[in-house]
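The values are calculated or read from the model by the stated rules, or taken from the named source; none is laboratory data. Note that the coordinates shown come from a computational prediction; the quantities given were computed from them, not determined experimentally. Don't worry about glycine lacking a Cβ; one is built from the backbone with ideal geometry, like all the others, and counts go over all protein chains shown. Keep in mind that these areas ignore ligands, DNA and RNA; they rest on the heavy atoms of the full protein, side chains included. Shrake-Rupley method; radii C 1.70, N 1.55, O 1.52, S 1.80 Å.
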Amino acid sequence: MKSISLCMIVKNEEENLAKCMESVQRIVDEIIIVDTGSTDATKEIAAKYTSNIYDFKWCNDFSKARNTAFSKATKDYILWLDADDVLRPEDQKKMLQLKEELDETIDVVMLKYNIAFDKNGNPTFSYYRERLVKRSLNIQWREPVHEYLPLVGNVVKKDIAVTHEKTHSSGDRNINIYKEKIRKGEKLSTRGVYYYAKELYEHNRIKEAIKYFEGFLKKEDGWAEDKISACYYLSICYKKMEELEKQRNTLIKSFEYDIPRAEICCQLGAYYFQKKEYKKAIYWYTVAATLEFPEDNWGFRQIDCWTFLPNIQLCVCYDRIGDIEKAIKYNEIAAKFKPESESVLYNRTYFNNRQRKDI
């Protein structure tokens with residue numbers, strides 16, 4: 001059995017750290033905590049689980065902090081988590097099984113990262129991250145914010161999820177790191193341009209976000225999944241600016257980078273639905289409803305767009321064109337994904353009342 005070091009960077013995480021530690025302490029063989037300036041009880045809580053606690057003077061660079069944590073590890077593999085991440089019981093079992101099966105031919109393990117959830121706790125937004133890496137490869141973190149580990153060697157994907165239970169916002173921290181780099185005249189990497197655009201978008205600085213998303217899409221390099229994602233967010237920016245032709249063209253541009261994604265098709269469906277072109281909306285929602293998520297894909301996935309959303313929208317579209325039979329059909333398909341959905345239940349009542357009137 002291979003051994004695992006858990007490496008974390010933390011700051012003021014007294015609310016989350018114990019829960020994270022409890023979820024992994026039976027799995028890992030060593031815990032490394034690098035504290036970047038806590039003023040609460042974070043370090044005291046960490047001391048209940050490990051004596052390997054190190055101070056790091058914060059310098060607006062997450063990669064430097066994570067590389068420091070990695071440099072302290074001594075085990076075969078390194079697992080990294082944030083303090084507001086946990087492994088749920090079913091995923092703890094899977095991780096223990098993975099630990100039994102790990103062999104030296106595996107260099108990097110990609111695990112699912114669930115970061116948004118519905119009211120029942122079911123994930124609605126997820127993607128894969130390079131979560132477990134072989135220590136001997138000495139892989140170094142890159143980028144000061146939205147940092148990542150470059151993939152090398154034999155990379156495998158496992159059906160194990162890390163669950164992000166975010167309890168507080170990072171506020172302006174990330175966007176300020178980018179702004180400071182720009183102020184100093186430092187050039188953002190291609191990846192940095194994309195993530196800066198996302199930060200601007202999330203802070204509702206739409207005109208600036210458009211500028212940087214457009215700049216990112218003009219670059220020849222860049223991960224295809226980021227290009228598709230940029231098209232998605234840029235289309236929303238154009239919609240907010242009421243530049244509807246650009247909205248549609250940007251969604252269609254995403255097809256240059258790979259096969260259609262359900263998120264894009266749902267946006268096209270919404271575009272035509274807003275224009276009351278229901279047959280065109282039906283076309284795109286049908287595409288979204290019938291797509292299968294690529295197994296070899298590590299990009300962002302809004303789960304509703306591949307399951308519930310296109311079907312509930314097909315229900316509405318078919319109702320608008322008077323095809324009640326198909327409307328009912330798609331409402332029931334949507335119900336398979338979310339049986340307690342308020343929309344599904346409302347539609348059932350609506351259709352029952354209509355059928356009674358027809359009788």
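Worth a mention:
- The mean sequence distance of close C-alpha pairs (under 8 Å, at least 6 residues apart), as a share of the length of the stretch 191-285, puts its relative contact order at 19 percent.
- On a per residue basis, the stretch 229-319 carries 45 Å² of accessible surface, using protein heavy atoms and a 1.4 Å probe.
- Kirkwood-type hydrodynamic radius, the stretch 85-171: 14.4 Å, calculated from all non-identical alpha-carbon pairs.
- Here the relative contact order of the chain, from alpha carbon pairs under 8 Å that lie six or more residues apart, stands at 11 percent.
- At full extension, ASP221 and GLU100 could sit 39.7 nm farther apart than now, given 0.36 nm per residue minus the alpha carbon distance.
- Within a Gaussian network of the chain (alpha carbon springs, distance under 10 Å), most fluctuating of LEU268, LEU217, LEU102: LEU102
- Distance histogram in 10 Å bins (all Cα pairs of the stretch 208-252, percent per bin): 32, 57, 11
- Rolling a 1.4 angstrom probe over the protein heavy atoms with all chains in place gives the stretch 132-174 an accessible area of 51 Å² per residue.
- Pairwise Cα inverse-distance average, inverted: Kirkwood Rh of the stretch 279-359 (Å): 13.4
- Shape metrics for the stretch 245-329, restricted to C-alpha atoms - Rg then Dmax, Å: 13.0, 40
- Equivalent ellipsoid of the stretch 1-60: semi-axes from √(5λ) of the C-alpha gyration tensor, largest first, are 20, 13, 9 Å.
- Taking the charge dipole of the stretch 123-244 about its Cα centre, with +1 at Lys and Arg Cβ atoms and -1 at Asp and Glu Cβ atoms, the residue from PRO144, ALA197, TYR232 reaching farthest to the positive side is PRO144.
- For the chain, the C-alpha radius of gyration divided by 2.2 N^0.38 Å, with N the number of residues, is 1.12.
- Inter-label distance, nm, simple model (7 Å from Cα along the C-beta direction), GLN140/LYS276: 6.1
- Shown is the FRET efficiency for ARG348 and ALA116, computed with R0 = 41 Å from the Cβ-Cβ distance and rounded to the nearest 0.05: 0.90.
- The stretch 3-145, relative contact order [Cα under 8 Å, separation at least 6], %: 28
- Cα long-axis angle, helix 244-253 against the chain (0 to 90 degrees, to the nearest 10): 60
- Among SER170, SER38, SER136, residue whose mean-square fluctuation peaks in a GNM of the chain (springs only between Cα atoms under 10 Å): SER170
- The alpha-carbon atoms of the stretch 214-359 define a convex hull whose volume equals 112 cubic angstrom per residue.
- One chain, two ends: GLU242 and ALA18. Fully extended at 0.36 nm per residue, the span grows by 76.0 nm beyond their Cα-Cα distance.
- Rounded to 0.05, the FRET efficiency of the ASN154 and CYS59 pair, given R0 = 25 Å and the Cβ-Cβ distance, is 0.15.
- Cα centre as origin, Lys/Arg/Asp/Glu Cβ charges: the stretch 149-240 dipole, Debye: 280
- Diffusion coefficient of the stretch 97-250 by Stokes-Einstein, Kirkwood radius over Cα pairs, 37 °C, 0.692 mPa s: 185 µm²/s.
- Dipole magnitude for the stretch 138-195: computed about the Cα centre from +1 point charges on Lys and Arg Cβ and -1 point charges on Asp and Glu Cβ, it is near 220 debye.
- Plainly put, the stretch 180-298 has a radius of gyration that is 1.01 times its Kirkwood radius, both from alpha-carbon atoms, as the Rg/Rh ratio.
- Size of the stretch 39-138 from its Cα atoms: along the principal axes, largest to smallest, the extents are 39, 38, 28 Å.
- Each Lys and Arg contributes +1 and each Asp and Glu -1, all at the Cβ; summed about the Cα centre of the chain, the dipole is approximately 980 debye.
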